[in-house]
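We did not get these values from a lab; they are worked out from the coordinates using the rules stated. Since the structure is predicted, the reported quantities are computational estimates derived from the model, not experimental observations. Methodologically, a virtual Cβ is constructed for each residue, glycine included, from the backbone with ideal geometry; neighbour enumeration extends over all protein chains shown.
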Ligand SMILES: CC(=O)SCCNC(=O)CCNC(=O)[C@H](O)C(C)(C)COP(=O)(O)OP(=O)(O)OC[C@H]1O[C@@H](n2cnc3c(N)ncnc32)[C@H](O)[C@@H]1OP(=O)(O)O
């Protein structure tokens, strides 16, 4: 097997696997092999912004591939496989941002980035090599990323119920693909990204923000709870078994109404 998934449902060899970038958003429990010594960062030159170039989108796609999958380094053809996954993620993301994906009214990919020079002391250069991009002549590295989606629901997920009625379609949003480079966990980057996503959702006039999270993904659950999300619903066990993945929780956050929304 080429790909070692951190969750059985992520494996492309799983019989129930169907590719959907939004489907694997909250699948990744932090397994023991994910634990790395955290690297403390200075956040004074951190920026969190909507994707501004294809170069940056590539970096975000590659960060997602390395964050949501576990790879055995010795496996034959692993680099080709990573490249293939990144290409697939890049194309799907580009399509959603361009509004070409049915059911997605609006999608924004938010990226947290740091200057490359600040990450040269990391124990290995994989993050810098994979997730580097150039902005205004400066080498930067995408260190965290997520999508804010304005849509009825995400494919294969439990649907949020608030707000009720026809306006739900327009005023409800979902966060997906939330991840931070594992060497930089516990620096508050996940929290900062979620905070920024709330501002984007409010700017769009969304009043209700949702996330799906696997029951066994403790870091993500804690992050969302710290960010103000509360439990709304959970997936039936039979559905999780059918989809061959850990059961999901649906968490909700109410946003203040923005009268100047765009
Ligand atoms: C909708 C979805 O996309 S769900 C999928 C979520 N993504 C993943 O599982 C991918 C792999 N995991 C990650 O990338 C990261 O662990 C994330 C995104 C979940 C958290 O990112 P980080 O930058 O490490 O989180 P951050 O440092 O901002 O922590 C914020 C809070 O989350 C909680 N938290 C984060 N990591 C942990 C952990 N390992 N254990 C317990 N609580 C944690 C804490 O409450 C923390 O606040 P504190 O530091 O004041 O105690």
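Take every DSSP beta bridge with both residues inside the chain and express the antiparallel ones as a percent of the total, to the nearest 5.
95 percent
For a quick check: sort 224, 191 by the number of other beta carbons within 10 angstrom, fewest at the front.
191, 224
What percent do you get for the relative contact order of the chain when only Cα pairs under 8 Å and 6+ apart count?
The normalised contact order for the chain reaches 22 percent.
If each DSSP helix of 4+ residues adds -39,500 (n - 2.57) and the sum is divided by the residues in the chain, what number results at 222 nm, nearest 500 deg cm²/dmol?
Theoretical 222 nm ellipticity from helices: -8500 deg cm²/dmol.
Based on other C-beta atoms within 10 Å, arrange 78, 41, 262 from fewest to most.
Ordered from fewest to most neighbouring Cβ atoms within 10 Å, 78, 41, 262 come out as 262, 78, 41.
What FRET efficiency comes out for residue 79 versus residue 237 if R0 is 35 angstrom and r is the Cβ-Cβ distance? Round to the nearest 0.05.
0.40
Cut-off is 10 Å between beta-carbons; in what order do 221, 226 appear when sorted fewest neighbours first?
So the ranking, lowest neighbour count to highest, is 226, 221.
Could you check which residue among 159, 75, 47 shows the biggest mean-square fluctuation in a GNM of the chain with a 10 Å Cα cutoff?
75
Measure out, as a whole number of angstrom, how far apart the alpha-carbon centroids of the stretch 182-196 and the stretch 77-95 sit.
24 Å
Taking Cα pairs under 8 Å and at least six residues apart, what relative contact order does the stretch 214-257 come out at, in percent?
For the stretch 214-257, the relative contact order is 44 percent.
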